[in-house]
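Take a look at the structure below.
Bear in mind these aren't lab numbers, they're just calculated from the coordinates by the rules spelled out. Keep in mind it's a predicted model, so treat the numbers as computed, not measured. Here the Cβ is made from the backbone with ideal geometry for all residues, glycine too, and neighbour counts use every protein chain on show.
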Amino acid sequence: MSNKSLIYVGDPMCSWCYGFGVPLQALLQSLPDVPLNLVLGGLRAYNKEVMPDNLKATIHQHWDAVHKRSGKPFGTGQFDRAGYIYDTEPACRAVVTIRNLAPSQTLVMYHAVQHAFYALGHDITQTQVLADIWQGIQTLQANKVPPQAFLTREEFVAAFESDKMKMLTHVDFEQVQQWGIQGFPALIAVNGEQGHMVANGYMEATDMLERVQAAFKSN
């Protein structure tokens, strides 16, 4: 299966991407030898406007739907901070940083950032909050992952704040736009030189598996 892989396009601050973690995990368990490449979508990247109350209400409605569909937990208070700006670029950049410097932990970081925001209500637009998340992963996995797979908190912050990671994150956003992907989550099955859209939105694992298997047999 060396010429077969999956591309997952998502954003840590996309609620349906958060819920999608449930069927995605089941799918990956059924395809243990298929590599997954994560590309960050930039749902509301570079937003500068304070979040209005009507948008908060709309987003909470989406969260209710995600919870009912996936069972994923949602906390409260994410938007209660004065002057809160819903900018998804920092969370995306945190994952890009790990993808580049500790690639084996990419999906772990992605899900940890989601959990911190949706379940715990943390402000993941802040550098030190994202550094806390990375440090927590190191603590939890200290006995499971070789030390060389990790970087220190200070190394994470320095890389995260670098122009290089800002540029690489923007490259992800541009790639997603070039692919014409309008909504997240999206899952693409790659078979040789051909990409096949498996899911553009939430989908159950059994349905995705059927589509992936068909895509892998198509050439």
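Computed quantities for the displayed model
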{"quantity": "Fraction of antiparallel bridges per DSSP, the chain only, in percent to nearest 5", "calculated": "70"}
{"quantity": "Using θ = phi - 60° and Karplus 6.51 cos²θ - 1.76 cosθ + 1.60, couplings along the range 174-191 (whole Hz; Gly, Pro as x)", "calculated": "5, 4, 4, 5, 5, 6, x, 7, 9, x, 10, x, 9, 10, 10, 9, 9, 10"}
{"quantity": "Cα extents of the chain along the three principal axes, largest first (Å)", "calculated": "53, 43, 33"}
{"quantity": "Per-residue HN-Hα couplings for the range 4-14 [Karplus 6.51, -1.76, 1.60; θ = phi - 60°; Hz; x = Gly/Pro]", "calculated": "10, 7, 10, 10, 10, 9, x, 9, x, 9, 9"}
{"quantity": "Cut-off under 5 Å, modelled amide H: who pairs with H122 long-range", "calculated": "F117"}
{"quantity": "Reachable aspartates and glutamates, given that their alpha-carbon falls under 20 Å from the alpha-carbon of K217 and they are not under 8 places away in the same chain", "calculated": "D33, E193, D207"}
{"quantity": "Partnerless Cys - the chain, beta-carbon criterion under 4.7 Å", "calculated": "C92"}
{"quantity": "Residue-by-residue Karplus 3J(HN,Hα) for the range 96-111, coefficients 6.51, -1.76, 1.60, Hz, glycine and proline x", "calculated": "4, 4, 5, 4, 8, 10, 9, x, 5, 9, 4, 5, 4, 5, 4, 5"}
{"quantity": "Pairs of lysine residues in the range 4-216 - Cα separation under 24 Å, sequence separation of 8 or more or cross-chain", "calculated": "5"}
{"quantity": "Cut-off of 10 Å, at most 15 other beta carbons, DSSP loop: longest stretch of the chain lacking such GluC sites (Glu not before Pro)", "calculated": "50-160"}
{"quantity": "Rounded FRET efficiency, nearest 0.05, which uses the C-beta distance separating R69 from N47 and R0 of 30 Å", "calculated": "0.70"}
